[in-house]
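Reviewing the structure listed below.
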Amino acid sequence: MNLAARLFLQRAVLGALIFVGAFAALPRSADATTVERIVSPGGIAAWLVSEPSVPLIAMDFAFKGGATQDPPNRAGVANMTAALLDEGAGDIDSDSFHERVESKAIEMGFTATRDYISGSLRTLTENQDEAFDLLRLAITKPHFDPVDVERIREQTLSALRRATMSPNELATERWWATAFAGHPYAQPPRGTLESVPAITVDDLKNFTRKVFARDILKVAIVGNIDAATAGKLLDRVFGDLPATSALSPVAKAIPQGLGQKIAVNLDVPQSVLMIGGAGILRKDPDFMPAFVLNHILGGSAFSSRLYKEVREARGLAYSVYSAVMPLDYAALFMSATATRSDRTSQTLEVIEAEIRKMAETGPTEEELAKAKSFLTGSFGLRFDTSTKIAEQLVLIQLDELGIDYIDKRNGLVEAVTMADVKRVAKRLLDARMLVTVVGKPQPIAAKGG
Amino acid sequence: MEHRKSGIHGVRVDASGGRAIILAWAALAARLQSTAVGLAGVAAALALAFQVASAAAGGPEIANFTLQNGLEVVVIPDHRTPVVTHMIWYKVGSADETPGKSGLAHFLEHLMFKGTAKNPAGRFSQTLATIGGQENAFTTADYTAYFQRIAKEYLPLVMEFEADRMTGLVLTDDNVLPERDVVLEEFNMRVANSPEARIGEQVAAALYLNHPYGRPVIGWRQEIEKLNRDDALAFYRRFYTPNNAVVVIAGDVNGDEVKALAEKTYGQVARVADVAPRLRPQEPLPVAVRQLTMADARVAQPTLQRNYLVPSANTAEPGESEALDVLSQILGAGETSRLYRALVVDEHVATGAGSWYQGTALDESRFGVFASPLPGVSFATLEAAIDGVIARIAESGVTAAEFERAKTRLIADAVYAGDNQATMARWYGAALTVGGSVEKVTSWPARVRAVTPEAVQKAARVWLDKRRSVTGYLVKELPGNEEKRS
């Protein structure tokens with residue numbers, strides 16, 4: 001217990017870069033905020049940031065096992081479960097539940113991703129008892145009344161119908177369906193127009209029985225609350241959950257279909273392009289070099305190579321980016337953009353050329369130094385609100401990076417060398433990619449692969 | 001389910017790069033432009049937030065001062081983390097454009113990143129990319145804003161850069177023309193590819209018979225295509241001057257230190273222009289119930305969007321705008337709202353329904369109502385249900401329980417906002433560029449508390465009069481056109 005970690009590190013040294021002009025960068029070591037690991041009387045662990053200067057409490061939590069736990073042909077169960085938790089629970093019906101949440105201005109929400117199902121709670125400190133009681137009911141005693149299930153099903157289907165005409169959604173869906181054919185990752189987490197109508201109340205109840213358990217729970221609490229009070233509330237909310245989960249095993253996967261280019265016809269003025277391949281898992285020692293490398297290629301908002309070449313120099317797109325995406329059972333490298341139909345081929349060529357160039361020669365020394373400087377310097381911006389801190393602390397726990405990660409993280413970025421990024425550039429980018437293009441039919445450049 | 005709050009969005013630690021930032025701020029800009037739900041009470045909600053936050057923290061008060069060159073400055077201290085949000089707000093937006101040059105305010109916003117004589121070719125952005133700062137900008141009908149989020153020691157640096165580009169912008173065809181293509185791609189992404197956005201433009205254009213709020217912020221496509229360097233520079237010289245801007249700084253700073261910095265940086269910028277009063281052509285009294293139907297082959301889920309012409313916080317009589325805030329909360333915010341209860345839960349005619357009110361506007365603003373019918377439900381049925389909900393409030397008023405709930409929610413929003421320095425900066429900036437003041441903002445919670453149930457009922461009766469409205473129906477095909485497509 002009490003493994004304290006400083007939230008803000010001394011600013012990274014900027015090295016030889018010359019840009020500051022008259023204003024020197026002053027080193028700073030503000031360590032007012034600490035993260036503490038607490039364990040409730042009932043044995044539930046959480047990370048706590050006690051911050052008495054705000055009159056509110058933010059709590060985030062997650063259970064491993066999201067849409068990957070959907071039964072075969074029932075994609076969307078995790079997503080519908082998340083949507084139904086606050087639609088009636090315990091002795092409170094759906095209408096009354098929403099009224100009680102609203103009347104105390106409590107914010108409660110649940111989200112399912114491929115790898116986990118998460119929740120967030122925000123309340124004024126004065127309403128903490130009501131907020132945590134309602135949350136306990138939502139997690140331990142959701143109703144799944146047929147009338148509520150049908151309403152949420154209709155809303156889900158409505159969103160899925162919209163998605164059938166969205167180039168962005170289609171490009172994404174087609175990419176995942178191809179890359180992970182036969183694996184749970186192939187299914188859209190929201191489900192499909194075929195799977196959602198088939199979902200039963202039992203599917204939803206089974207999902208909560210399998211997944212909502214203390215052994216896979218991660219919690220972070222931030223705000224005007226002390227460790228003793230937080231411990232009691234943890235027991236109140238999560239204490240009745242079973243000790244162990246019953247997750248179905250999920251196989252590791254590597255993306256398939258690499259080298260293919262898939263075109264989907266849709267009559268839209270702007271085509272959406274997705275390019276992706278195998279990535280690097282979060283626990284792989286090469287992850288941090290890959291993260292830094294990607295920042296230079298397409299991660300940086302206004303200075304990445306893709307931004308400069310696709311947007312600034314050629315005006316081909318408004319948004320262009322790349323990302324490294326580690327999941328629990330696979331890792332991806334992805335890039336995406338959208339451009340007018342007649343420039344689709346040109347845009348794809350520019351992106352592929354930039355990827356190839358980076359694979360072959362890596363970044364320049366200046367780019368590497370600048371990327372490290374940005375990534376270390378901007379880390380603190382993730383921690384300037386209670387809600388953002390709670391989110392980050394749950395993500396760090398899901399990725400099993402340790403409570404000292406916040407202290408260590410900038411050092412890990414600093415330690416990345418040119419040899420590291422060049423090695424990783426080959427590993428990550430000198431590879432075949434799967435491309436999906438959604439838009440008006442255009443000749444797609446037939447290239448390698 | 002749009003209104004659900006969600007905590008984590010599947011972004012992994014160190015896996016999101018700059019993309020999440022772009023998306024988040026793009027979403028913000030879109031919300032500001034499209035007058036979304038979250039902006040209810042924006043003009044004002046900050047006061048309580050500040051009082052609570054600063055009182056709890058024992059922190060200093062908000063500082064508000066004007067430099068000799070006319071630049072107004074607002075400082076919102078939040079000393080919890082060594083981070084600062086720096087924003088500059090110019091009192092110019094798409095409604096200030098010359099007819100025929102739609103999209104110019106937004107185009108110039110893009111071009112402001114092209115460099116100055118002193119800091120050429122994106123040195124500002126390059127510097128932020130080095131020190132770990134986030135930046136972006138957004139444009140609405142009434143204002144154009146630029147921001148940076150940085151570690152506090154870099155505040156003097158970004159103030160220096162921002163002061164420099166207030167008057168030092170250098171544009172060439174080489175950097176202007178590719179950027180116009182970028183804006184056209186932004187148009188494709190936001191509007192052309194989105195049937196919902198396209199009908200939203202049509203409804204607003206039909207609502208405003210005379211006022212430039214009827215023009216889309218991003219512009220009409222055929223006019224964007226012709227914007228050029230000379231247009232941008234002329235607009236820049238007319239509106240970008242210290243006496244037409246407000247700087248808002250929130251975070252780990254206090255008023256005195258910012259004042260010294262502001263005088264050293266912004267204080268050195270001479271006035272470029274006198275700024276004329278913002279007198280746009282105003283709307284005549286609306287008299288006609290208007291409907292329009294737009295077909296788009298990509299529509300898989302029909303929707304209804306209705307806009308009413310209503311007062312903004314700036315044009316309203318005392319108490320009216322606050323009553324509209326409460327009305328919008330009761331009528332269409334979330335699962336407890338009248339529209340959701342009636343259309344989605346009880347009458348089972350819609351998958352979703354809600355309302356919004358944009359109080360933050362210089363001139364007469366909009367109150368929006370929207371709904372998506374369940375398959376097989378006609379627009380006539382859907383609209384009858386909407387009209388019934390509104391008529392019941394207009395005729396019978398609101399219940400004590402929903403009235404209290406709405407006020408509690410609105411006032412709590414302000415407290416939650418106090419946790420987020422960037423939100424605070426946005427609220428102040430928006431308020432001060434559309435005729436508000438720090439004082440007016442500070443008194444907002446008290447004004448919301450003073451709203452009576454009778455005032456809410458009256459707002460529904462007076463302002464949600466169909467003769468003040470345009471209703472748009474978004475469909476896949478116009479009736480009778482089915483045969484032509486097969």
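Of all residues in the stretch A:354-383, which are at the interface with another protein chain (Cβ under 8 Å from one of its Cβ atoms), out of contact with any helix residue (DSSP H, G or I) (no Cβ under 6 Å at 6 or more places or on another chain) and of a type outside the set (A, V, I, L, M, F, W, C)?
Hits for the stretch A:354-383 are A:S378, A:G380.
Looking only at residues that are out of contact with any Ser or Thr (no Cβ under 8 Å at 6 or more places or on another chain) and part of a helix (DSSP H, G or I) in the stretch A:194-204, which one is surrounded by the most Cβ atoms within 10 Å (Cβ to Cβ)?
Per the stated criteria, the residue is A:D203.
Residues that are part of a strand (DSSP E or B), within 13 Å of another protein chain (Cβ to nearest Cβ), over 25 Å from the mean Cα position of the chain (by Cα) and touching a residue at least 24 places away in the same chain (Cβ under 8 Å): does the stretch B:73-94 have at least one?
no
Within the stretch A:410-449, take every residue that is modelled with pLDDT under 95 and hydrophobic (A, V, I, L, M, F, W, C) and give me the one that is nearest to A:D286 (Cα to Cα).
A:A431
Within the set of pairs 6+ apart or on separate chains, which have a first residue in the stretch A:367-379 that is without any contact (Cβ under 8 Å) to a residue 60 or more places away in the chain, a second that is among the polar types (S, T, N, Q), and C-beta atoms under 6 Å apart?
Qualifying pairs under 6 Å: none.
Could you tell me whether A:T244 is surrounded by fewer than 24 Cβ atoms within 10 Å (Cβ to Cβ), β-branched (V, I, T), at pLDDT 95 or above and assigned to a helix (DSSP H, G or I)?
no
Evaluate the following for A:G276: is it more than 10 Å from chain B (Cβ to nearest Cβ) and buried (at least 19 other Cβ atoms within 10 Å of the Cβ)?
Values: more than 10 Å from chain B (Cβ to nearest Cβ): yes; buried (at least 19 other Cβ atoms within 10 Å of the Cβ): yes.
Yes: the conditions hold for A:G276.
Tell me the residue from A:A317, A:A323 that is crowded, with 20+ Cβ neighbours inside 10 Å, within 7 Å of chain B (Cβ to nearest Cβ), of a type in the set (G, A, S) and assigned to a loop (DSSP other than H, G, I, E, B), please.
On inspection, the qualifying residue turns out to be A:A317.
For the subset of the stretch A:142-193 comprising residues that are assigned to a loop (DSSP other than H, G, I, E, B) and free of Cβ contacts under 8 Å to residues at least 60 places away in the same chain, which member is surrounded by the most Cβ atoms within 10 Å (Cβ to Cβ)?
In this case the residue turns out to be A:H143.
Within the stretch A:97-123, how many residues are within 30 Å of A:K252 (Cβ to Cβ) and of a type outside the set (D, E, K, R)? Before the answer, list the steps.
Of the residues in the stretch A:97-123, the ones within 30 Å of A:K252 (Cβ to Cβ) are A:110-120.
So of that shortlist, the ones also of a type outside the set (D, E, K, R) come out as A:110-113, A:116-120.
Within the stretch A:97-123, residues that are within 30 Å of A:K252 (Cβ to Cβ) and of a type outside the set (D, E, K, R) number 9.
Can you go through A:I406, A:I389 and tell me which one is crowded, with 21+ Cβ neighbours inside 10 Å, of a type in the set (A, V, I, L, M) and either more than 10 Å from every other protein chain (Cβ to nearest Cβ) or farther than 24 Å from A:P55 by Cα (or both)?
Checking each option against the conditions leaves just A:I406.
Between B:A380, B:A459, B:A455, B:A401, which is modelled with pLDDT of 95 or more and either touching a Gly at 6+ places or on another chain (Cβ under 8 Å) or of a type in the set (F, W, Y) (or both)?
On inspection, the qualifying residue turns out to be B:A455.
For a quick check of your reading of the model, give me the residue pairs whose first member lies in the stretch B:103-115 and is without any contact (Cβ under 8 Å) to a residue 40 or more places away in the chain, whose second is in a helix (DSSP H, G or I), with beta-carbon atoms closer than 8 Å and at least 6 apart or on different chains.
B:F113/B:F124; B:F113/B:S125
In the stretch B:256-285, how many are of a type in the set (G, A, S) and more than 27 Å from B:G168 (Cβ to Cβ)?
Of the residues in the stretch B:256-285, 0 are of a type in the set (G, A, S) and more than 27 Å from B:G168 (Cβ to Cβ).
Determine the pairs where a residue that is within 7 Å of chain B (Cβ to nearest Cβ), located within the stretch A:292-304, has a partner that is of a type in the set (S, T, N, Q) and assigned to a helix (DSSP H, G or I) with Cβ atoms under 7 Å apart, the partner being 6 or more residues away or on another chain.
A:F302/B:S125; A:S303/B:S125; A:S303/B:Q126
Restricting attention to the stretch B:293-329, which residues are buried (at least 22 other Cβ atoms within 10 Å of the Cβ), within 24 Å of B:Y473 (Cα to Cα) and among the charged types (D, E, K, R)?
Result: B:R306, single match.
Among the residues of the stretch A:205-227, are any more than 30 Å from B:V377 (Cα to Cα), assigned to a helix (DSSP H, G or I), more than 26 Å from the chain's Cα centre (by Cα) and more than 14 Å from chain B (Cβ to nearest Cβ)?
Keep residues of the stretch A:205-227 that are more than 30 Å from B:V377 (Cα to Cα), which gives A:205-227.
If we keep only those that are assigned to a helix (DSSP H, G or I) too, we end up with A:205-211, A:214-216, A:227.
So of that shortlist, the ones also more than 26 Å from the chain's Cα centre (by Cα) come out as A:227.
With the extra rule that they be more than 14 Å from chain B (Cβ to nearest Cβ), the set shrinks to A:227.
Yes: the stretch A:205-227 contains one or more residues that are more than 30 Å from B:V377 (Cα to Cα), assigned to a helix (DSSP H, G or I), more than 26 Å from the chain's Cα centre (by Cα) and more than 14 Å from chain B (Cβ to nearest Cβ).
Please tell me if B:E160 is assigned to a helix (DSSP H, G or I) and in contact with a Gly (Cβ under 8 Å, 6 or more places away or on another chain).
When the stated conditions are applied, B:E160 passes them.
This table checks each residue for (1) more than 13 Å from chain B (Cβ to nearest Cβ); (2) in contact with a Leu (Cβ under 9 Å, 6 or more places away or on another chain); (3) under 25 Å from A:P146 (Cα atoms); (4) part of a helix (DSSP H, G or I).
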residue	(1), (2), (3), (4)
A:V54	no, no, no, no
A:A58	no, yes, no, no
A:T68	no, yes, yes, yes
A:A75	yes, no, yes, no
A:D86	no, yes, yes, no
A:V101	no, yes, yes, yes
A:M108	no, yes, yes, no
A:S118	no, yes, yes, no
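Any chance the stretch B:467-481 includes a residue that's assigned to a helix (DSSP H, G or I), in contact (Cβ under 8 Å) with a residue 40 or more places away in the chain and within 24 Å of B:F367 (Cβ to Cβ)?
yes
For the stretch B:93-108, how many residues meet the condition of being buried (at least 23 other Cβ atoms within 10 Å of the Cβ), at negative phi and not hydrophobic (A, V, I, L, M, F, W, C)?
5
Which of the residues belonging to the stretch B:393-409 are within 8 Å of chain A (Cβ to nearest Cβ) and in a loop (DSSP other than H, G, I, E, B)?
Of all residues in the stretch B:393-409, those within 8 Å of chain A (Cβ to nearest Cβ) come to B:401, B:404-405, B:408-409.
Listed by number, the list is empty, since nothing qualifies.
The values are calculated or read from the model by the stated rules, or taken from the named source; none is laboratory data. What you see is a predicted model, and the numbers here were worked out from it, not measured in a lab. Glycine also receives a Cβ, built like all others from the backbone with ideal geometry; neighbour counts cover every protein chain displayed.
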